[in-house]
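K.L.:
Sharing a structure here in structure tokens format.
The values are calculated or read from the model by the stated rules, or taken from the named source; none is laboratory data. As the structure is a prediction and not an experimental result, all values here were calculated from the model. A quick note on method: Cβ atoms are made from the backbone with ideal geometry, for glycine too, and the neighbour counts reach across all protein chains shown. Only protein heavy atoms, including side chains, enter the accessible area calculation; ligands, DNA and RNA are left aside. Shrake-Rupley method; radii C 1.70, N 1.55, O 1.52, S 1.80 Å.
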Amino acid sequence: MLTANAYSKNGSCCLLAALQPLTGTRLGQVHKQRTKREYALLLKALAARYPDALKILLVQDNLNTHCLSALYETYEAEEAEEAFALAQRFEFHFTPKSASKSASWLNMIEIEFSALSRQCLNRRIPTQEKLECEVLSLLQERQDKAIKINWQFSIHKARPTFETAYSGIRKNAE
């Protein structure tokens with residue numbers, strides 16, 4: 001006899017996070033949706049965390065919400081100066097689009113998401129509130145332990161990946 005379990009989806013949400021790999025400092029936010037507004041809130045929180053930084057460098061993928069226009073679209077006209085000031089604080093570095101799978105190792109937050117997946121996100125969590133509590137607790141625990149990313153980057157190892165990524169870009173440009 002076959003039995004079927006009823007599957008009930010309780011919804012989905014968005015986890016945004018940032019990591020300073022050399023210190024182990026982390027910042028995470030859980031939102032109901034993933035729009036430019038939520039990304040702008042993360043940028044604002046990052047800027048507040050590093051008030052003395054002249055430039056904050058971000059390595060990220062090419063997601064449609066990962067752009068400076070998120071700041072201008074989020075803040076009202078009377079806050080345009082704040083949006084501009086925030087925009088001046090960030091420098092974006094994007095992983096190659098055509099090699100997103102092979103170049104994901106360039107985006108160190110993916111390593112953090114992998115750790116979170118193994119420790120927490122590998123099961124169904126019934127509510128966004130519980131998910132947020134668990135994820136933010138894990139991020140805080142990893143920060144308290146000063147868990148850093150030991151990134152084994154070398155030019156020798158990177159060249160084959162870059163050659164694959166950029167040869168695809170060159171072919172598409174022709």
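K.L.:
Provide the solvent-accessible area of Tyr72, counting protein heavy atoms only and rolling a 1.4 Å probe, rounded to the nearest 10 Å².
P.N.:
Tyr72 exposes around 100 Å² with every protein chain in place.
K.L.:
Rank Arg123, Arg89 by accessible area, highest first, at a 1.4 Å probe radius?
P.N.:
Largest accessible area first, the residues go Arg123, Arg89.
K.L.:
Keeping all protein chains in the complex and leaving out DNA, RNA and ligands, what accessible area do you get for Ser12 with a 1.4 Å probe, in Å² to the nearest 10?
P.N.:
Ser12 has an accessible surface of roughly 90 Å² with all protein chains in place.
K.L.:
Before I look further, what does the stretch 9-145 give for accessible area per residue, probe 1.4 Å, in whole square angstrom? Provide the component values of the computation, followed by the final result.
P.N.:
On the way: 7910 Å² over 137 residues.
On a per-residue basis, the stretch 9-145 sits at 58 Å².
K.L.:
Between rounded, prolate and oblate, where does the stretch 9-90 land on the alpha carbon gyration tensor, with a ≥ b ≥ c its root eigenvalues, rounded for a/c under 1.5, else prolate if a/b exceeds b/c?
P.N.:
oblate
K.L.:
Could you pull out every residue, at least 5 positions away or on a different chain, whose amide H is within less than 5 Å of the one on Phe90? Hs are placed 1.01 Å off N in the peptide plane, and Pro or chain starts have none.
P.N.:
Ile56
K.L.:
What does the charge add up to near Glu112, with Lys and Arg as +1, Asp and Glu as -1, over the other residues with Cβ less than 14 Å from its Cβ?
P.N.:
On the way: positive: Arg26, Arg118, Arg142, Lys145, Lys148; negative: Asp61, Glu110, Glu141.
Within the 14 Å Cβ shell, the charges total +2.
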